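One structure is given here, and the rest of the page talks about it.
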Amino acid sequence: MSSNLLDKGYEPHEVEKRWYSFWEEEGLFAASENGSQNSYSIVIPPPNVTGVLHMGHALNNTMQDILCRYKRLRGDNVLWMPGTDHAGIATQNVVEKHLAGQGTDRHQLGREKFIEAVWEWRKEYGSAIINQLKHLGASCDWDRERFTMDEGLSTAVRKVFVQLYEEGLIYRGNYIINWCHRCHTALADLEVEHEEIDGNLYYIRYPYADGKDGVIVATTRPETMLGDTAVAVNPDDERYRQTGKESVILPLMNRQLPVIKDKYVDMSFGTGALKITPAHDPNDFEIGIRHDLPSIKVIGDDGMMTAEAGKFKGLDRFKCREEVVKELEKEGLLEKIEPYKHSVGHCYRCKTVVEPNLSKQWFVSAKPLAAKAIAAVKDGRTRIIPAIWENTYFDWMNNIRDWCISRQIWWGHQIPAWTCEECGEIVVALNTPEKCSACGGKKLIQETDVLDTWFSSALWPFSTMGWPDKTPLLKKFYPTDVLGPGFDILFFWVARMMMMGIHFMGDVPFKDVYVHALVRDEKGKKMSKSKGNVIDPLTIIEKYGTDAFRFTLAAFAAQGRDIKMSEKRVEGYRHFVNKLWNAARFALMHIDNSYDSIEGHNLSLPDKWILSRLNKAAINASEAIESYRFNDAAGALYKFVWHEFCDWYLEAIKPVLYGKEGEDKRKRTLSVLWRVLHDTLILLHPFIPFVTEEIWNKLPGTEGSIMRAIFPPDNSDFAKTVRDLEAEAKMGLVMQVITGIRNIRGEMNISPSMSLDVSIQSDDGIIRETINQHKDIIVNLAGLEVLSVESSGKKPERVATSVIEGATIFVSLEGIIDFDRETQRLEKEINKLTNELAPVLKKLKNENFLGKAPEDVVKKVKDKKMQLLEKQQKLQSNLDRIKALNPVQGSS
RNA sequence: GGGCGGGUAGCUCAGUUGGGAGAGCAUCGGCCUUACAAGCCGAGGGUCACAGGUUCAAGCCCUGUUCCGCCUACCA
């Protein structure tokens, strides 16, 4: 089953498996802690340990792998740090489901046993995503793989928590937070997804204390009224000035509520009166503090109504809403119900509607940290690419609110804080304290909450390298060179790494942030399980091979634009991989051991040309990769390989390879062919690592893995590589002649098997000489019997004509005459030229253009005019002659 | 409500200081030419969303309109 040079098509699977193991075994992904080369580092955005590889991972890690492999080939000492995230809530959910399948739950197990169960689960399933990354070809330094819950990283987490607490940047307090009843935990603002839904706006009448009419308030959540402790109006609102309007009766609960005055209330909305529920609404909470109102928590942490809800106690919050509405209706206090679109928060993990809830939580004071993170981007220590994301970053950072970091779940880093049972003192420490630091009491109870998962991932760039120890790794590889996140985690992760990195390391965590786009389905819709439009990268890899898939991702990764993925596209790039395979197959049929250095040899025109184009492709590709324009890099290489190397060079050298021009020339050409294939493989390797390695190993004169190659060999700047512009111009002429002849053949429907007689006329001696010198190439590629070159003179008869710059090509139609067709063809050409000429002539008649445009632009346009006119005139005179020869032939 | 991105060939998209509208796929015509039919050679196809403006010159810069998508937000 091994891929053999005799195989006509490339079979990726066996090749991929074989080479990936080889790379790992040879330690080719390993970074050196004491290498003297330039170091380059990337930390992987750690996928959730519960994750399966999706398109986002695939894109993201392909880009990183391209960068890492590219840098290695340039001679750098590369560290790509891999690992996974413990993903607190997500993992706990998964394991809970797992347990449910076994007929138990975490409460039956208890905390300690449950955490054991999670570790067990991780041992069994946790490396799935890692294996999938390997299928993708990711060249991570796997020996250094980390996990956000491993011992070292946990130490880092505690160290950071303690220091921030001591610096006063972590505090604990009673605030309104977002509460998910299903996950039974607080959520940070970021973890709430807002979604517009069709709801109702309920207008409820709160009678005045004296029993008269009353105030009408509006709410989308009537059940929260049970916890109201005031009604607020704007102090400027005339409607609520009279006496007797100082307080109202809360329906259903029969509590008396004060009518307070607060500028927050918008007089123009509804009746200008706002019910205040400090325990279940963030604004109401603020107002409550201002007016010293009590908070009554009527919705419990389980989503059921509390005892404070009176007779509604124990009802589910949504059921309670129905009941409250029913009751109000019965009492005639429900004025009206209006359909109302509003955005409702959902838990980003389980999509449950979250409830603003009053609760005691831990917070990171974000403003001081954010200030430094803003500055670092402003002064360019960290670049965000594409720059369009900078504004988004600044916006968020400037409006940052304190970060709620405590979670009421079990799986995660337990907060290193202890409460003294005797004096109530809170002790925060790296390790379990022996006694209370205030009273010396020995009964210390550890905080049961764990930290937000993002708290540990915020430390990822330095915690993975051994911090808080001063390791050689940190010294060599921090700050990292680039980070490659999706924009969806710009705030969750990138912003927080910036804050933590700068605060604890004194330097930014990465120099560049390359924010990649979203991979969508072929219709541009976001992929999601519920829509059923998810394309599984592993299926794609299975079907088309990793290389084809990677190249597709790269080819479509235009900055700032989402990628629409479809199988058809991958199929297209599989053709490219196959094309390379076959080109190599062809080359290797001839190369055997006949290659040599190309230095000092007298090379043919196609040889010089292809080497120059190779240099151009190398420059384009490397510049594009360095500036994260992966699509440009892929495009440049694609075009070079297919349309220059295969379509022209390989075709041009065939007669030489088949020995028609002697052994010396054959050997020289083989040496060039070897060189071009050799370098092309290296250039392509970052994109399509497997097939290039496979071919590399079949190429004589290479030793070991392509991953050990360095290119350019002297590690110099690509831009310094020399191009041979003269060869490019000459070959360009030859190609134009060939295309001109082929065009006639195609248009006139002349069979490719029919050899043609062609004569070319030119006044330009250099053109004549060039064509004469490379006659053999033209004869070969255009399928000619005879090619003659002369200076302009008598025009041949019975010919089809094609005009290129400086020369006219005549294809003899003797014996294959179809003058009708040629007449039509020439008329069409002439017509086209007239259209092209129109704007040019118009410009040159414009005095303003001639006067104001720069000289070189004017000259360009004038040249263009001359060129078009000349071409048109030549075609016209040939058309005239054909018509004169065949007067009876009209246009059919 | 605020902000951002996009509208270029039938489809998917490039188009980097304003100066000749491009690619891939699809379509049409011709080829089994000894690396590749997953291929080769050739052809057709666009009022650059709409309307103004700046400029000698606009796909590109400015203003407005419209459609699509996304992010963000504590108007009940």
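Farthest toward the positive end of the dipole of the stretch A:820-892, out of A:846, A:823, A:878, is the Cα of A:846, where the dipole comes from beta carbon charges about the Cα centre. In the stretch A:717-777, the ratio of gyration radius to Kirkwood radius, Rg to Rh, stands at 1.11 when only Cα atoms are counted.
Applying 1/(1 + (r/R0)^6) with r as the Cβ-Cβ distance of residue A:193 and residue A:804 and R0 = 56 angstrom yields a FRET efficiency of 0.35.
Placing a label point 7 Å from the Cα of residue A:422 along the Cα-to-Cβ direction, the residues of the stretch A:431-456 whose backbone N falls under 14 Å of that point are A:434-445. Distance between the pseudo-spin-label points of residue A:841 and residue A:263 (7 Å out from Cα toward the beta carbon): 7.3 nm. Here the Debye sum runs over all C-alpha atoms of the stretch A:546-652 as equal scatterers in vacuum, and log10 of I(q)/I(0) at q = 0.10, 0.21 Å⁻¹ comes out as -0.36, -1.19. Fully extending the segment from residue A:697 to residue A:533 would add 55.1 nm, taking 0.36 nm per residue of separation and subtracting the current Cα-Cα distance. Distance distribution P(r), the stretch A:282-351, all Cα-Cα pairs, bin width 5 angstrom from 0: 3, 13, 13, 18, 24, 22, 6, 1, 0 percent.
How far apart, in nm, are two points set 7 Å out from the Cα along the Cα-to-Cβ line at residue A:381 and at residue A:592? Taking the two extended label points, one gets 6.3 nm.
Counting only the Cα atoms, the stretch A:787-840 fills a convex hull of 93 Å³ per residue. A simple spin-label model places the labels of residue A:814 and residue A:447 9.8 nm from each other, with each point 7 Å out along Cα-to-Cβ. Per-residue extension of 0.36 nm, minus the Cα-Cα distance of residue A:239 and residue A:371, leaves a gain of 43.1 nm for this segment.
Placing +1 on the Cβ of every Lys and Arg and -1 on the Cβ of every Asp and Glu, with nothing else charged, gives the stretch A:793-853 a dipole about its Cα centre of roughly 380 debye.
Considering only A:659, A:412, A:559, the residue lying farthest towards the positive end of the dipole of chain A is A:659, judged by Cα position with unit charges set on Cβ.
Diffusion of the stretch A:825-876 by Stokes-Einstein, at 25 °C in a medium of 0.890 mPa s and with Rh set to the Kirkwood radius over alpha-carbon pairs, works out to 212 µm²/s.
Charges were assigned to the Cβ only: +1 to each Lys and Arg, -1 to each Asp and Glu. The resulting dipole of chain A about its Cα centre is roughly 1400 debye. Shape class for the stretch A:209-283, computed from the alpha carbon gyration tensor (a ≥ b ≥ c): oblate, with a/c not under 1.5 and a/b at or below b/c. Kirkwood hydrodynamic radius computed over the stretch A:117-197 comes to 17.0 Å, based on all pairs of distinct alpha carbons.
When peptides A:867-877, A:224-234 are sorted by average Cβ neighbour count within 10 Å, with the highest value leading, the order is A:224-234, A:867-877. Its DSSP H runs of at least 4 residues, each contributing -39,500 (n - 2.57), put the calculated 222 nm mean residue ellipticity of chain A at -13500 deg cm²/dmol, to the nearest 500. Hey, if you drop one equal point scatterer on each alpha-carbon of the stretch A:151-303 and run the Debye formula without solvent, what base-10 log of I(q)/I(0) do you get at q = 0.21 Å⁻¹? Each listed q maps to, in turn, -1.39.
When all alpha carbon pairs of the stretch A:440-591 are counted in 10 Å bins from zero, the resulting P(r) reads 9, 24, 22, 23, 14, 5, 2, 1, 0 %. For the peptides A:664-676, A:41-53, A:118-130, the ranking by mean Cβ contacts within 10 Å, running from highest to lowest, is A:41-53, A:664-676, A:118-130. Across the alpha-carbon set of the stretch A:357-440, the Rg to Rh ratio works out to 1.15, Rh being the Kirkwood radius.
Taking a sphere under 12 Å around the Cβ of residue A:769 and counting the other residues whose Cβ falls inside, with K and R at +1 and D and E at -1, yields a net charge of +2.
Over all pairs of different C-alpha atoms, chain A has a mean inverse distance whose reciprocal, the Kirkwood radius, equals 33.5 Å. For the stretch A:407-527, the C-alpha radius of gyration divided by 2.2 N^0.38 Å, with N the number of residues, is 1.44. Histogrammed with a bin width of 5 Å, the alpha carbon distances of the stretch A:288-430 distribute as 2, 6, 8, 11, 13, 15, 13, 10, 8, 7, 4, 1, 0, 0 percent, first bin at zero. Ranked by the mean number of other Cβ atoms within 10 Å per residue, highest first, peptides A:697-705, A:452-460, A:136-144, A:769-777 order as A:452-460, A:136-144, A:769-777, A:697-705. Dividing the Cα radius of gyration of the stretch A:1-96 by its Kirkwood radius returns 1.07 for Rg/Rh.
I'd like the projected area of the stretch A:337-399, averaged over all directions, using the convex hull of its alpha carbons. Report it in nm² with one decimal. Its average projected convex-hull area is 7.9 nm².
Each principal axis of the stretch A:249-296 carries a Cα extent, and these read 28, 21, 16 Å when sorted largest first.
Segment residue A:286..residue A:163, full-extension length gain: 41.3 nm, with 0.36 nm per residue of separation and the alpha-carbon distance subtracted. Magnitude of the charge dipole for the stretch A:547-614, about its Cα centre and with charges confined to Cβ atoms of Lys, Arg (+1) and Asp, Glu (-1), is about 460 debye. For residue A:561 and residue A:867, a Förster radius of 41 Å and the Cβ-Cβ distance give a FRET efficiency of 0.65, rounded to the nearest 0.05. Measuring how big the stretch A:717-858 is from its alpha-carbon positions, Rg and Dmax come out at 18.6, 57 Å.
Computed from the coordinates by the stated procedures, all read-outs in this text should not be read as laboratory data. Computed from a predicted model, the values in this text were never measured in an experiment. Please note: Cβ atoms are built from the backbone with ideal geometry, for glycine as well, and neighbour counts cover all protein chains shown.
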